[in-house]
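So the structure is just underneath, and the comments pick up after that.
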Amino acid sequence: MSGIINLTRAASIGIHACVLISNAKDRLNVTQISEALKASSHHVAKVLQKLAAEGILHSSKGPSGGFSMAIDPAKINLLHIYEIIQGPIEESHCPEYSDICPFPECIWGDFGNQTRVNFKEYLAARSLADVKID
């Protein structure tokens, strides 16, 4: 289980790669993306294939192949990409989902849940089209 905010390397790769692809004029291949993200090409390929299987990206093979957006970037938010890679963000009052807490009231108050809610709302409010790179 994840804590307050759990942004795995895979989710970060997925979001950053989709931003790169949505801002590109042409297809981008795994090598180009992995170099830009300073990530393992194997890890990038696995993440991109998952996004392609879910219909977010279009994948084409061959010497001029690569990845392009399968959906209008304005219609895909960062939360959708995050949840494809990492799963849904669950709400819980305990930031560590602790079953061992002996206290009747959480010492963290609503901090953990409110942080998760804010993170989820932030990702949901930003589409790929909102994230421009120069």
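Please work out which residue is surrounded by the fewest Cβ atoms within 10 Å (Cβ to Cβ), limiting yourself to the range 60-91 and to residues that are closer than 21 Å to Ser127 by Cα and of a type in the set (Ser, Thr, Tyr). For the range 60-91, the residue satisfying everything is Ser68. For the range 101-117, the tally of residues that are among the hydrophobic types (A, V, I, L, M, F, W, C), out of contact with any Pro (no Cβ under 7 Å at 6 or more places or on another chain) and either under 12 Å from Ile89 (Cα atoms) or modelled with pLDDT of 80 or more (or both) stands at 1.
State yes or no: is Leu48 farther than 20 Å from Leu7 by Cα, surrounded by 15 or more Cβ atoms within 10 Å (Cβ to Cβ), under 19 Å from the mean Cα position of the chain (by Cα) and among the hydrophobic types (A, V, I, L, M, F, W, C)? Write out each step before concluding.
Working: farther than 20 Å from Leu7 by Cα: no; surrounded by 15 or more Cβ atoms within 10 Å (Cβ to Cβ): yes; under 19 Å from the mean Cα position of the chain (by Cα): yes; among the hydrophobic types (A, V, I, L, M, F, W, C): yes.
In short, no.
Per-residue answers, yes or no, for (1) without any contact (Cβ under 8 Å) to a residue 24 or more places away in the chain; (2) touching a Lys or Arg at 6+ places or on another chain (Cβ under 6 Å); (3) over 26 Å from Asn118 (Cα atoms):
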residue	(1), (2), (3)
Ser12	yes, no, no
Leu28	no, no, yes
Glu35	yes, no, yes
Ala39	no, no, yes
Val47	no, no, no
Ala53	yes, no, yes
Ser59	yes, no, yes
Leu78	no, yes, no
Tyr82	no, no, no
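The values are calculated or read from the model by the stated rules, or taken from the named source; none is laboratory data. Keep in mind it's a predicted model, so treat the numbers as computed, not measured. Note: ideal-geometry Cβ built from the backbone for every residue, glycine included; neighbour counts use all protein chains shown.
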